[in-house]
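Please read through the structure below; I'll follow up with questions.
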Amino acid sequence: MPNAMPTTGFKPQATLTQIGEQLAGYDPQALSADAVLTFLEQMVMPLEGAQAVPLIEALDRVLAENVISPLSVPPHDNSAMDGYAFNGESLPAAQNLQVVGTALAGKAWHGQVQSGQCVKIMTGAIMPAGLDTVVAQELAQVDGDRVQIAASLLQRGDNRRLSGEDLMAGQAALPAGTRLGPAACGLLASLGLAHVQVRPRLKVAYFSTGNEILSLGETPREGAVYDSNRYTVHGMLTRMGCEVLDMGVVRDDPTLLEAAFVKAAGQAQVIITSGGVSVGEADYTKAMMKKLGDVAFWRIAMRPGRPMAVGRIAQGDRSAVMFGLPGNPVAVMVTFLAFVRPTLQRMMGMQSTTLPLLKARSQEVLRKKPGRTEYQRGIVSRNAQGELQVIITGNQGSGVLSSMVQANGLIVLHHDQATAQVGDWVDVMMFDGHL
Ligand code: AMP
Ligand code: MG
């Protein structure tokens with residue numbers, strides 16, 4: 001199958017202005033986090049195209065087809081235990097049965113069983129004709145070719161796996177848009193599928209901006225900081241299964257920035273930058289984005305991560321989705337999780353794009369003004385009552401990356417929420433395997 005390179009992930013009909021106009025109360029100077037998500041959902045659509053890959057390469061890809069089960073799993077009624085198979089019709093009467101054969105996994109027993117007889121059977125062996133119940137060997141006393149079974153502990157149908165109890169032939173096994181994790185890959189293998197159709201990988205170019213940003217290996221100089229954003233962005237994109245293109249650090253220089261955007265838009269479907277979008281900067285990044293594409297600048301009612309640019313950069317007949325994230329390292333990670341991740345997942349054709357929120361009791365007062373969404377770095381654990389509780393990781397400054405390292409989740413204090421008191425339940429977005 002050819003791996004068609006999709007040219008756009010945009011809804012072709014709408015400009016950003018048009019999308020904004022359709023949103024109730026759209027105010028680019030004070031957008032709620034929910035409004036941002038709605039906007040982004042309107043802006044992109046799943047990329048087209050599919051490719052067949054061997055199942056072993058399908059991990060973390062997104063399924064491009066509805067998979068219908070070509071066979072039943074398991075294919076036959078079979079035993080869930082090592083023991084003795086018999087006809088459960090006569091239960092619960094106590095039984096003393098004669099053993100007339102042995103059924104092994106992969107080697108069926110084809111004889112006829114009369115009343116009062118049983119067949120020794122191993123886990124996974126096909127149930128012999130007429131038999132529907134298995135007694136585990138621990139509950140059977142063997143004496144020569146006879147077994148005494150603890151009938152009072154058994155019910156008809158015990159320890160028998162029914163044909164098709166996992167999947168029936170012809171039944172929907174997995175829907176298109178499923179992210180293929182280890183369980184889904186195993187399920188596809190159980191159906192005998194050696195290849196699956198998956199969505200193309202999303203190609204994402206990213207670079208950092210700022211005259212003060214040092215790449216690793218450069219000698220420290222006064223006022224300069226090492227570039228951490230490229231590493232957090234690289235990690236989060238890689239965990240999502242994206243193909244990444246690291247374009248380094250770009251100085252705050254219009255010519256260099258223009259060249260970087262043009263190169264990125266020519267090679268990737270998404271461009272992520274950090275820095276240079278706040279107010280009162282040497283604003284070349286903004287100017288360049290505007291020149292090359294259709295870009296909206298937002299001030300989002302959130303903390304951390306207030307300024308953000310979103311849009312598209314055109315390059316020939318292609319255009320790339322662009323996210324201009326703030327420069328502060330924690331703000332980069334928070335805006336990525338809150339906005340970039342669900343948008344990219346939608347472009348990847350994934351079905352579900354929200355991270356589940358857990359409820360945990362706050363162990364401290366979390367000061368909060370209604371009217372913006374706040375994300376605090378939290379450590380979730382269990383209290384003596386077995387409830388989830390959460391504590392914040394000290395300094396919540398938007399540059400304090402160690403707070404992200406210590407945390408196992410983000411406490412989400414929603415737009416309308418006020419200060420949370422000790423013992424209040426708060427929502428937490430667990431990092432799980434994403435960070
Ligand atoms: P800016 O949004 O460009 O004004 O940057 C905001 C803050 O984030 C400044 O303190 C920058 O030095 C810092 N910053 C910007 N980009 C990076 C980066 N790639 N790595 C670490 N810190 C950064
Ligand atoms: Mg900067």
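The values are calculated or read from the model by the stated rules, or taken from the named source; none is laboratory data. Bear in mind the structure is a predicted one, so any value in this text is a computation, not a measurement. Positions of Cβ are backbone-derived with ideal geometry, glycine not excepted, and every protein chain shown enters the neighbour counts. The protein model used for the area step is the full one, side chains on, heavy atoms only, and it has no ligands, DNA or RNA in it. Shrake-Rupley method; radii C 1.70, N 1.55, O 1.52, S 1.80 Å.
Dipole of the chain (Lys/Arg Cβ +1, Asp/Glu Cβ -1, origin at the Cα centre): which of Leu337, Val134, Ala30 lies farthest to the positive side?
Towards the positive end, the residue furthest out is Ala30.
So, for the chain, what is the accessible surface per residue at a probe of 1.4 Å, expressed in square angstrom? Mind dumping the intermediate values first?
Working: 20080 Å² over 435 residues.
Accessible surface, normalised per residue, equals 46 Å².
Any idea what angle helix 33-43 forms with the longest principal axis of the chain, computed on alpha-carbon atoms, 0 to 90 degrees, nearest 10?
That helix lies at roughly 80 degrees to the long axis.
On to the next question. With +1 on each Lys and Arg Cβ and -1 on each Asp and Glu Cβ, how big is the dipole of the chain about its Cα centre, in debye rounded to the nearest 20?
Numbers: 35 positive and 38 negative charges, 128 e Å.
Rounded to the nearest 20 debye, it is 620 debye.
Take every DSSP beta bridge whose two residues both sit in the chain, then give the antiparallel share in percent to the nearest 5. It would help to have the intermediate numbers written out before the result.
Numbers: 63 of 90 bridges.
The antiparallel proportion sits near 70 percent.
Can you send over the carbon and sulfur percentage of the accessible area for the chain, probe radius 1.4 Å, protein chains only?
Working: 10430 of 20080 Å².
For the chain, the apolar C and S fraction of the accessible surface comes to 52 percent.
Helix 254-267 versus the longest principal axis of the chain: what is the Cα-based angle in degrees, 0 to 90, to the nearest 10?
On a 0 to 90 degree scale, this one is about 30.
If you don't mind, another one. Expected output is a single nm value to one decimal: the length gained when fully extending between Asn395 and Thr238, i.e. 0.36 nm times separation in residues minus the C-alpha distance. What is it? Display every interim value, and only then the final one.
Numbers: separation 157, 0.36 × 157 = 56.52 nm, distance 2.79 nm.
The span from Asn395 to Thr238 would gain 53.7 nm if fully extended.
What percentage of all Cα-Cα pairs in the stretch 78-161 are separated by more than 20 Å?
Working: 620 of 3486 pairs.
I get 18 percent for the Cα pairs in the stretch 78-161 exceeding 20 Å.
So, by mean Cβ neighbours within 10 angstrom, what's the order for 322-332, 418-428 with the highest one leading?
Working: 322-332: 25.2, 418-428: 15.2.
Highest mean packing first, the order is 322-332, 418-428.
Follow-up. Given H placed on each backbone N at 1.01 Å, which residues far from Leu154 in sequence or on other chains put an amide H within less than 5 Å of it?
none
Averaged over all directions, how much area does the convex hull of the C-alpha atoms of the stretch 351-435 cover when projected, in nm²? Don't skip to the answer; put the middle values down first.
On the way: hull surface 25.1 nm².
Averaging across all directions leaves 6.3 nm² for the Cα convex hull.
Which one, Gln98, Ser152, Ala125, is farthest towards the positive end of the dipole of the stretch 78-161 when Lys and Arg carry +1 and Asp and Glu -1 on their Cβ?
Sorting the options by dipole projection puts first Ala125.
Let me know the whole percent of all Cα-Cα pairs from the stretch 1-143 that are separated by more than 21 Å. Display every interim value, and only then the final one.
Numbers: 6706 of 10153 pairs.
Above the 21 Å cut-off, the stretch 1-143 has 66 percent of its Cα pairs.
Further question on the same structure: Is it possible to state the helix-based mean residue ellipticity at 222 nm for the chain, with each DSSP H run of 4+ residues giving -39500 (n - 2.57), the sum divided by total residues, to the nearest 500 deg cm²/dmol? What is it? Write out the running numbers ahead of the final one.
Details: 9 runs with 80 residues, N = 435.
One gets -5000 deg cm²/dmol as the mean residue ellipticity at 222 nm.
Oh, and also: What accessible surface, in Å², does a 1.4 Å probe find on Ser215, ignoring ligands, DNA and RNA and rounding to the nearest 10?
Surface accessible to solvent at Ser215 totals approximately 30 Å².
Now a separate question. Mind listing which trypsin sites (Lys or Arg not before Pro) in the stretch 321-426 are in a DSSP loop and have 13 or fewer other Cβ atoms within 10 Å?
Here the trypsin sites (Lys or Arg not before Pro) that fit, given the DSSP loop and packing criteria, are Arg367.
Also, I was wondering about something else. Out of every Cα pair in the stretch 309-398, what percent are spaced more than 16 Å from each other? Mind dumping the intermediate values first?
Details: 2760 of 4005 pairs.
Cα-Cα pairs in the stretch 309-398 separated by more than 16 Å: 69 percent.
Across all directions of projection, what mean area in square nanometres is found for the Cα convex hull of the chain? All intermediate terms of the calculation are to be shown ahead of the outcome.
On the way: hull surface 115.8 nm².
Averaged projected area of the chain's Cα convex hull equals 28.9 nm².
Kindly state, as a whole number, the per residue volume in cubic angstrom of the convex hull around the alpha carbon atoms of the stretch 158-297. All intermediate terms of the calculation are to be shown ahead of the outcome.
Values: hull volume 28.6 nm³, N = 140.
Roughly 204 Å³ of hull volume per residue.
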